[in-house]
Every structure is written in C-alpha cells, then in structure tokens.
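J.: First the structure, then my questions, so here it is.
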Amino acid sequence: MSTTQAATKTIANVIAGEERPAVSGDTIEKYAPATGELLSLVARSGREDVDAAITAAAAAQPAWGGETPAARGAILRRVAQLLERDADEIAAIVAAETGKSPKDALGETGAAIEQGYFQAGEGRRLYGKTMPSAVPNRQNLVVRQPLGVAGLIIAANTPIANVAWKVFPALVCGNAAVLKASENTPETALAFARLAAEAGLPAGVLNVIQGLGPEAGQPLVEDPRVAVVSFTGSTAVGRMIARVAGERLAKVALELGGKNPLVVCDDADLEKAAEAVALSAYSNAGQRCAAGSRIIVFDSVYDEFKRLLLERTEAQRVGPNDEDDFGPVINERQLEHMLRRVREAREQGATVLAGGERLPRDGYFMAPTLIEGSDALSASELFGPITTLHRVRGFDEAIALANDSPYGLTAAIWTNSVHRGQEFVARISSGVAAVNGPTYGSEPHMPFGGVRDSGTGWREPGTEAIEIYTDLKTVYVNHDPGRV
C-alpha cells in the first residue's frame with residue numbers, strides 16, 4: 001500500500017451493527033470530483049458480504065416488525081433529529097464526495113431531515129381501512145404488514161436525500177434493510193448508519209453494503225430472502241433488476257431515468273422561463289433524473305428565447321464553492337462519456353451553441369452545454385450539464401414532441417394561459433408536471449416517479465411510499481351476538 005493510501009480513510013460496510021471491511025479485504029479507490037485526488041478507500045464487497053448483511057437483516061426483522069409503528073417512528077424521528085444536529089458535518093461529507101458546494105450539500109441534507117420527520121410520522125398514520133360486510137355479524141378490515149428484508153440501491157447524485165427517501169419509509173413499515181450505497185458516495189451512507197445506531201435503531205435493522213453494482217448489488221437482487229428491491233438509477237440497470245428479481249416474484253420498485261421536456265410558449269415570461277431552464281438544465285451539474293434536458297420553444301419566440309438562454313448558459317459559474325452555480329460531475333468515466341456523446345452529436349450535424357468541452361482545471365468539470373438540432377442527444381439520458389433546444393410551430397406540436405420520448409418522469413410548461421397550463425397537465429405523459437416552474441423540485445411529502453422507461457409505477461416518497469414497503473392483509477372477524 002502506498003503512503004497516500006495508508007493515510008486515506010477506509011469506508012466500511014455496516015453489518016449487524018458492526019463496521020466491517022469486505023471479507024476479501026479488497027477496496028475501491030474513490031476520488032474527489034472537485035480535485036481528482038484520492039478521497040477514500042471503499043470496501044469492495046462481494047457475495048459473501050451481501051449474504052452476511054441479508055442474514056443480519058432477516059434475523060433482526062421479526063423483532064423490529066413486532067414493534068408498534070409508533071415505536072418505530074419514534075426511533076426514526078430521533079435519527080432525523082441527529083441528522084439535524086449534525087447537518088453541517090453530513091453536508092461536508094456530501095460536498096466532498098460529490099463536489100457540490102457546501103450550500104447545496106446543506107440544502108440536500110435539509111431535505112433528508114424533512115423526509116425523516118415526515119416518514120417518522122407515518123408511524124402514526126400507517127393506515128388500513130374498514131369496509132362493511134354482506135355477512136351478518138362480521139367485521140371486514142385491511143391492515144398493513146411488513147414485507148421482511150428490503151434491498152435498497154441508490155444513486156450518487158443526491159446521496160443523503162437518496163438514503164432518506166428509501167431507508168425511512170422502509171423501516172417505519174417494519175422491514176429491515178440492506179442498503180447498497182453508491183460506490184461514488186460511500187461515506188454518506190456510512191455516516192447515516194452511524195447516526196441510526198446512535199438513535200437506538202437495533203443492530204441488523206439497517207445494514208450498509210459498499211461496492212460495485214455487479215459484485216454487491218447483483219447478489220442483493222438475486223437473494224430469495226430479499227422481499228422487495230427498491231432501485232434508483234439508470235433504465236438499463238432497472239430492466240436487469242426487474243428481470244432478475246421478477247423471476248423469483250419479488251416486489252420491485254424502480255425510479256429510473258428521465259429526458260424531461262420544458263415547453264416555452266409564445267405568451268410566457270421569457271426572462272423567468274430562461275432562469276427556470278438554466279436551473280433545470282445545469283443545477284447539480286445536470287445530475288438529476290428530473291433535469292430539464294429537452295427545451296421546446298414556440299417558433300415566434302424561439303430566437304429571443306435562445307438569446308436569453310445562451311446568456312444564462314455562458315454566465316454559469318462552475319466550481320465547488322458557494323458562489324458557483326454548479327460543480328463537477330461525479331467521476332472521470334461519466335465526464336468522458338458525455339464529452340464523447342457531444343462530439344458524436346457535432347459530427348452528426350448538431351450545433352453546439354455553448355460548452356461541449358471539459359474545463360481546464362483539476363477535477364471533473366464540464367462546461368454548461370447548449371445544443372441545437374440533435375435528435376440523438378434528445379433521446380437518451382446523459383446525466384450532466386447538457387440540454388437541447390427544439391423549435392415548434394405551436395401548442396399541439398409542442399405536446400407531441402414532449403411526449404415523443406421513451407421516458408416519462410417530469411415535465412414543465414411556461415405560459416400565462418391557465419387554459420394551456422391545464423391542457424398541458426392533462427395531455428403530458430409524465431409522473432410529475434409543473435406549470436411555470438422548473439422540471440425538478442418535488443417536495444418530501446409528495447409522491448415522485450415516472451411512467452414508461454422512467455419507472456414501474458411505484459412512488460417515493462410521500463405517503464405513497466408505504467405501498468412499496470408493506471403488503472395488505474384482509475381480515476374477517478366474526479362474532480356471535482348470542483354469546484354476549
């Protein structure tokens with residue numbers, strides 16, 4: 001081991017309440033996106049590590065599931081309180097692992113805290129229902145029951161928020177969890193697990209597995225003891241998970257990619273619309289499944305809007321500090337992929353109006369990129385600060401183009417007409433729609449998810465998340481009035 005490696009912290013798994021290295025002893029090098037320097041060594045888990053985590057979760061789940069939902073909620077509320085107490089420290093980890101600014105990392109941590117408080121409250125709202133019976137002297141009701149072991153696989157783009165979105169609802173419903181952290185943000189998941197233990201969460205109820213998807217995620221998806229798999233990530237990986245877990249009839253919740261349209265009408269406030277597009281396209285370095293990556297503009301205002309958006313694109317400040325608009329992408333491989341796709345689009349006749357290149361500095365920074373005339377880029381998710389411009393003649397053509405995508409996650413329209421706004425919401429094929437807003441920005445108490453290639457129809461977070469992490473049990477209670 002080199003001197004640099006010897007001085008670098010190692011990020012471990014958490015299994016049955018213990019922090020453990022991978023059984024193999026192998027590690028993965030994690031580099032800081034803002035500098036390109038080695039940040040940590042991460043446990044490179046394999047099937048044996050995953051098996052141990054699932055075994056721990058299966059052993060802990062019956063007692064945890066036997067607690068009242070209110071008691072589970074009380075512990076999770078304490079986790080949220082500790083997140084709030086240590087918000088600055090958690091945000092510092094998020095900033096280091098993602099390269100985003102301290103301000104943005106703290107905002108993301110705040111969202112995780114709010115998610116924790118909301119889902120902890122589900123311990124008092126874990127509703128069922130009662131219904132009248134056609135049979136005399138019988139009561140009909142439906143109650144919720146935990147599934148067992150939940151396999152949770154998250155992405156790196158908003159790491160602490162992603163942990164909160166899955167862990168809090170999975171646990172309040174009475175499941176034990178194995179969280180497969182992103183190899184790009186491993187310490188964030190470890191820090192959360194430490195706070196959960198401090199809050200009094202029993203050992204084994206939350207286990208964290210580090211490592212690569214094929215080596216650590218795949219065994220989690222395959223294991224018959226994992227009753228539900230919840231995954232946030234690419235559509236290609238989501239398809240594999242649906243196939244593998246579906247083969248054994250596991251419940252599968254997928255929140256996948258997006259290629260989200262934002263329509264600018266001829267009656268829109270163009271200045272405000274341009275601001276919303278810039279935020280949708282470039283904030284968080286475009287690393288949002290809800291990023292605005294297809295901008296559809298009415299012909300009569302196209303040239304003026306292009307000028308406004310180009311101004312805002314060229315004015316973007318790129319860097320890891322609070323005065324910057326967005327930071328680096330998550331790793332070198334992702335950056336090279338985006339640069340290659342832009343080169344291919346240019347070779348195929350697209351016009352790169354701004355950006356398209358790597359910025360000349362340490363770290364994984366890409367210039368904000370605005371492209372005109374690329375059908376190829378408008379059809380696939382890039383997960384970076386890249387957006388495409390499209391000209392349409394009017395409203396019907398805009399709707400048709402917005403829906404002409406395999407994805408259906410989020411969408412937005414800018415218009416001063418309530419009629420256009422309402423018609424857009426009715427006709428757009430998406431899981432989330434906004435009028436006069438950006439394509440992102442869902443709140444923690446609201447359901448989020450998409451249709452078609454953007455997901456399988458389940459929704460996280462909101463109260464709808466309990467549908468993922470519980471099964472229904474129909475109960476019939478008969479009584480005899482003569483024995484009163």
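The values are calculated or read from the model by the stated rules, or taken from the named source; none is laboratory data. Being a predicted model, the structure only gives us computed values, none of them experimental. Ideal geometry is used to build each Cβ from the backbone, glycine not excepted, and the neighbour counts take in all protein chains shown. Ligands, DNA and RNA are stripped out before the accessible areas are found, and what is left, the full protein with its side chains, is counted by its heavy atoms. Shrake-Rupley method; radii C 1.70, N 1.55, O 1.52, S 1.80 Å.
J.: Suppose each label sits 7 Å from its Cα in the direction of the beta carbon; what would the K272-A376 distance come out to in nanometres?
T.: Inter-label distance under the simple model: 3.9 nm.
J.: Using the Karplus curve 6.51 cos²θ - 1.76 cosθ + 1.60 with θ = phi - 60°, work out ³J(HN,Hα) for each residue of the range 428-443 in order, rounded to whole Hz, and write x for Gly and Pro.
T.: So the Karplus estimates, Gly and Pro as x, are 6, 9, 7, x, 9, 9, 10, 10, 6, x, x, 7, 10, x, 5, 8 Hz.
J.: Continuing with the same structure: What ³J(HN,Hα) values, in whole Hz, does the Karplus curve 6.51 cos²θ - 1.76 cosθ + 1.60 give for the range 138-147 when θ = phi - 60°, with x put for Gly and Pro?
T.: With the stated coefficients, the range 138-147 comes to 9, 10, 10, 8, 10, 10, 9, 9, x, 7 Hz.
J.: Considering amide H positions built from the backbone, and no H for Pro or chain starts, which residues 5 or more places from S442, or on another chain, come under 5 Å of its amide H?
T.: Sorted by chain and number, the residues that satisfy this come to none at all.
J.: Could I ask something else about it? Counting alpha carbon pairs within less than 8 Å and at least 6 residues apart, what relative contact order, in whole percent, applies to the chain?
T.: In percent, rounded to a whole number, it is 18.
J.: Using Cα pairs under 8 angstrom and six or more residues apart, how large is the relative contact order of the range 225-288, in percent?
T.: The normalised contact order for the range 225-288 reaches 29 percent.
J.: Compute the acute angle (0 to 90°) between the alpha-carbon long axis of helix 418-427 and the principal axis of greatest extent of the alpha-carbon atoms of the chain; round to the nearest 10°.
T.: Rounded to the nearest ten degrees, it is 60.
J.: Let me ask something else. At a Cα cut-off below 30 Å, give the lysines reachable from K129, other chains included and same-chain residues fewer than 8 away excluded.
T.: K166, K251, K473
J.: Right, something else. Which distance in Å, rounded to a whole number, links the C-alpha centroids of the range 26-94 and the range 138-196?
T.: If we compute the Cα centre of each part, the gap is 9 Å.
J.: In whole percent, how big is the carbon plus sulfur part of the accessible area of the chain, probe 1.4 Å, protein atoms only?
T.: Carbon and sulfur atoms account for 51 percent of the accessible area of the chain.
J.: Could you order I160, I93 by accessible surface area, starting with the largest, using a probe radius of 1.4 Å?
T.: Correct descending sequence by accessible area is I93, I160.
J.: While we're looking at this one, here's another question. E347 versus L212, label points 7 Å from Cα toward the beta carbon: distance in nm?
T.: About 2.7 nm, to one decimal.
J.: Related question: For n ≥ 4 DSSP H runs only, could you compute -39500 (n - 2.57) per run for the chain, divide by its residues and tell me the 222 nm figure to the nearest 500?
T.: Result for the chain, helices only: -12000 deg cm²/dmol.
J.: While we're on this one: Using a ≥ b ≥ c from the Cα gyration tensor of the chain (square roots of the eigenvalues), is it rounded, prolate or oblate, where a/c under 1.5 gives rounded and otherwise the larger of a/b and b/c decides, a/b for prolate?
T.: It is oblate, given that a/c is not under 1.5 and a/b is not larger than b/c.
J.: For R194 and S417, compute 0.36 nm times the residue count separating them, minus their Cα-Cα distance, and round to one decimal in nm.
T.: Going from the current span to full extension adds 75.2 nm.
J.: Near the amide H of L39, under 5 Å away, which other amide H atoms are found, from residues 5 or more places off or on another chain, if H is placed in the peptide plane?
T.: So L39 has HN proximity to K30, Y31, A32.
J.: Could you order I75, I295 so the one with the most accessible surface comes first? Probe is 1.4 Å.
T.: Result, largest first: I75, I295.
J.: As I understand it, the value is the acute angle between the Cα axis of helix 186-198 and the longest principal axis of the Cα atoms of the chain; what does it come to in degrees, rounded to 10?
T.: The angle comes out at about 30 degrees.
J.: Looking at the range 301-427, what % of its DSSP beta bridges pair antiparallel, to the nearest 5?
T.: Close to 45 percent.
J.: To continue, here is another question. From the phi angles alone, apply the Karplus equation (6.51, -1.76, 1.60; θ = phi - 60°) to the range 358-366 and give each ³J(HN,Hα) in whole Hz, x where the residue is Gly or Pro.
T.: Residue by residue, the range 358-366 yields 7, 7, x, 7, 5, x, 10, 9, 10 Hz.
J.: Taking only protein heavy atoms into account and a 1.4 Å probe, give the accessible area per residue of the chain in Å².
T.: Value returned for the chain: 41 Å² of accessible area per residue.
J.: Calculate, in nm to one decimal, what S234 and V143 gain on full extension: separation in residues at 0.36 nm each, minus their alpha carbon distance.
T.: 29.4 nm
J.: Helix 299-314 versus the longest principal axis of the chain: what is the Cα-based angle in degrees, 0 to 90, to the nearest 10?
T.: 80 degrees
J.: Looking only at the chain, where both bridge partners belong to it, what percent of the DSSP beta bridges are antiparallel (to the nearest 5)?
T.: DSSP beta bridges in the chain are roughly 40 percent antiparallel.
J.: On to the next question. Identify all aspartates and glutamates with a Cα-Cα distance to K272 below 14 Å; exclude those on the same chain that are fewer than 8 residues away in sequence.
T.: The reachable aspartates and glutamates, counting only those whose Cα sits under 14 Å from K272, are E304, E311.
J.: Further question on the same structure: What order do F168, F383 take when sorted by accessible area (1.4 Å probe), most exposed first?
T.: Sorted descending by solvent-accessible area, the residues read F383, F168.
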